[in-house]
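Each reported figure results from applying straightforward, stated rules to the coordinates on display, with no laboratory input. Please read these numbers as outputs of a predicted model, since none were measured by experiment. Note that we place each Cβ from the backbone using ideal geometry, even for glycine, and neighbour counts take in every protein chain shown.
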Amino acid sequence: MKSRRTFLKNGVAITAGLSLAGTSCVGESEIQRERSTKPKAISTWNHGLSANEEAWKTLVDGGSALDAVETGVMVVEADPKSTSVGLGGLPDRDGNVTLDACIMDHLGNAGSVSFLQHIKHPISVARKVMEETPHVMLVGDGALKFALSKGFKKEQLLTEDSRDQWKKWKEESKYRPIINSENHDTIGMICQDSKGNLSGSCTTSGAAYKMYGRVGDSPVIGAGLFVDNDHGAAVATGMGELMLKTLGSFLVVELIRQGATAQEACEAAIQRIVDKLDYKSFQVGYLAMDKAGNTGAFAIHPGFNYAEMADGNNILIDSRSYSN
């Protein structure tokens, strides 16, 4: 079998398409990674600090990673000052706040909602989809109807501040969509509980001033989030179209499965974008955790950071990037 270093060096994972059939799976047969039993929470951007604090309350009491990733991101969804997630999210170019979210547990179950309006906590609706329907994703009016049937309340999500920013954008931009590195602050979260199980969540209001009906990577399993409890989990943030075209979160976890470290896998996924897509004007960041609790993060451009909480310590870390 190939060693992990050889596997990454020969470019199979970084520049060529994955050929899963016939590829030697390095993983745990050659790299014996100790299974972590210490709780840990990681989440994207500086609003991840408050999300981690809330998730930690669940983890430190022996609760599940699934509960932790839901309650953690709910803090950000409910924060009107976070203009890229939930309440107060910047609207599309017509003034509508539309939300996307997904959640995935350690058993491989997943739930998702996209183009959801009027519901402050799309992550909780996504969990209901996962646990109480035979489906993975509900969208638009169907997602709203389902949420209302489960007791969620309709709310006005466009705050006065976000409305003012939208009106200013209309004057200056003349309805041209703005897609850049400043307005992509999705929160993605990965937690590991005291049993060593991994779960993940991802929630966003999407690109500011997008076209009506646009959906990015955040609710798409394999693009914005992927969890394989035997090997690791990954979340993505940034320009969703780039992750959709490369299924970046799945790619990160698959590379971990094949022997890469979490850091190497994030770097390889960014390299895939750089090699294949027009990336220079856009930001993408990946955040990952392997089964042993090791983390990795990498972005196209400087500026991406993430919060990490372990042993009661919650810190903000600047990610490395492709362009320095």
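Listed by chain and number, the aspartates and glutamates whose C-alpha is less than 20 Å from the C-alpha of LYS170, apart from same-chain residues fewer than 8 away, are ASP92, ASP94, GLU160, ASP161, GLU182. In degrees from 0 to 90, rounded to the nearest 10, what is the angle of the helix 65-77 Cα long axis to the longest principal axis of the chain? Tilt of helix 65-77: around 40 degrees. Over the chain, DSSP H runs of length four or greater, each weighted -39,500 (n - 2.57), average out per residue to a 222 nm ellipticity of -9500 deg cm²/dmol. Quick one: helix 122-132 against the long Cα principal axis of the chain, what's the angle to the nearest 10°, folded into 0 to 90? Helix 122-132 sits at roughly 60 degrees to that axis. Around the Cα centre of segment 4-321, unit charges on the Cβ atoms of Lys, Arg, Asp and Glu (plus for the first two, minus for the last two) sum to a dipole of about 560 debye.
What's the longest bit of the chain with no exposed chymotrypsin sites (Phe, Trp or Tyr not before Pro), using DSSP loop states and at most 12 other Cβ atoms within 10 Å as the test? Spell out each step's value before the answer.
Details: sites that count: TYR175, TYR212.
Here the longest segment lacking exposed loop sites spans 1-174.
Pull out the extension gain between LYS195 and LYS245, defined as 0.36 nm times the separation in residues minus the alpha carbon to alpha carbon distance; nm, one decimal. Intermediate results must be reported in sequence, preceding the final value.
Details: separation 50, 0.36 × 50 = 18.00 nm, distance 3.42 nm.
Gain on extension, LYS195 to LYS245, equals 14.6 nm.
Length gained on full extension, LEU148 to LYS168: 3.9 nm, using 0.36 nm per residue less the C-alpha separation.
Averaging Cα coordinates gives a centre for segment 301-316 and one for segment 214-238; these two points are 19 Å apart.
Computed from Cα positions, the angle between helix 48-60 and the longest principal axis of the chain comes to roughly 60 degrees.
The Cα center of segment 36-55 and the Cα center of segment 87-166 differ in position by 22 Å.
On full extension of the chain, what length is gained from ASN294 through LYS57, given 0.36 nm per residue of separation minus the C-alpha to C-alpha distance? All intermediate terms of the calculation are to be shown ahead of the outcome.
Details: separation 237, 0.36 × 237 = 85.32 nm, distance 2.10 nm.
Fully extending the segment from ASN294 to LYS57 adds 83.2 nm.
Normalised by the number of residues in the chain, the mean separation of alpha-carbon contacts (under 8 Å, six or more apart) gives a relative contact order of 22 percent. Considering only Cα-Cα distances, which of the following residue pairs are longer than 26 Å: LYS245/LYS280; LYS120/LYS276; LYS210/LYS276; LYS81/LYS245; LYS38/LYS150; LYS38/LYS245? Violating the 26 Å Cα-Cα cut-off are LYS120/LYS276; LYS81/LYS245; LYS38/LYS150; LYS38/LYS245. Debye sum, Cα scatterers, the chain, no solvent: what log₁₀ I/I(0) at q = 0.12, 0.13, 0.14, 0.15 1/Å? Treating every Cα as an identical point scatterer, log10 I(q)/I(0) equals -0.74, -0.87, -1.01, -1.15. Charge tally around ALA68: other residues with Cβ under 9 Å, Lys/Arg +1 each, Asp/Glu -1 each, net -3. When each of THR37, THR98, THR44, THR295 is scored by the number of other beta-carbon atoms lying within 10 Å, the sequence from fewest to most is THR37, THR295, THR98, THR44.
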